1. Accessible area per residue for the chain in Å², computed with a 1.4 Å probe and the full protein assembly in place, what is it?
2. Quick check: Cα centre of the range 28-55 to Cα centre of the range 69-121, how many Å?
3. Taking all protein chains as present, what is the carbon and sulfur share of the accessible area of the range 60-132, in % to the nearest whole number, probe 1.4 Å?
4. Just to be sure I understand the model, the point goes 7 Å from the Cα along the line to the Cβ. What's the resulting residue 102 to residue 80 distance in nm?
5. What ranking, highest mean first, results for peptides 92-98, 55-61 when packing means the other Cβ atoms within 10 Å averaged over each residue?
6. Remind me, what semi-axes does the range 16-63 give for its equivalent ellipsoid, largest first in whole Å, using sqrt of 5 times each Cα gyration tensor eigenvalue?
7. So for 27, 16, what's the accessible-area order with a 1.4 Å probe, most first?
8. Counting only Cα atoms, I'd like the Rg/Rh figure for the chain, Kirkwood definition for Rh.
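The values are calculated or read from the model by the stated rules, or taken from the named source; none is laboratory data. This one's a predicted model, so the numbers in the text were calculated from it and none came from an experiment. With ideal geometry, Cβ positions are generated from the backbone for all residues, glycine too; neighbour counts draw on all protein chains shown. These accessible areas exclude ligands, DNA and RNA; they are computed on the full protein's heavy atoms, side chains included. Shrake-Rupley method; radii C 1.70, N 1.55, O 1.52, S 1.80 Å.
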Amino acid sequence: TFNGTWKIDRNDNYDKFMEKMGINMVKRKLAAHDNLKITLEQTGDKFHVKESSNFRTLELDFTLGVTFEYSLLTSCLMLQGSWTIEGDSMKGVFNRKDNGKLLTTVRTIQGDELTQSYSYEGVEAKRIFKRG
Ligand code: MYR
């Protein structure tokens, strides 16, 4: 189960990933240490998400397989897409609203860590969270 609170522990290639996304250096430096904390509450095929970071706090709801919108880094960068569950993974398929390009993301749990992988235009990154 993905339920619970997850605190960011470390990143892998996240700066390069954000650069590919076109995010400027100042924001990238802040985002690398954003203290992201995510609380996931799954009930059936519905999720309630609480997100808090140095940038913002946000709550949202989505249903597996149903398209919703999500904004990045308080900016006007918007994604549109959905999550599904495949086996033990959550798979997210999103498109940027500004250029239509694909961003995919996968959440998996290994032991007491949640790894979220991101892929955009051939660049991959990971953010690894610990239960908090
Ligand atoms: C959630 O489940 O936490 C809410 C929906 C998340 C949508 C996909 C997140 C992709 C974030 C990419 C971050 C890249 C920053 C440049």
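1. For the chain, the per-residue accessible area is 54 Å².
2. A separation of 12 Å, based on Cα centres.
3. 49 percent
4. With each label point 7 Å from Cα toward Cβ, the separation is 1.8 nm.
5. 92-98, 55-61
6. 27, 13, 8
7. 16, 27
8. The Rg/Rh ratio comes out at 0.92.
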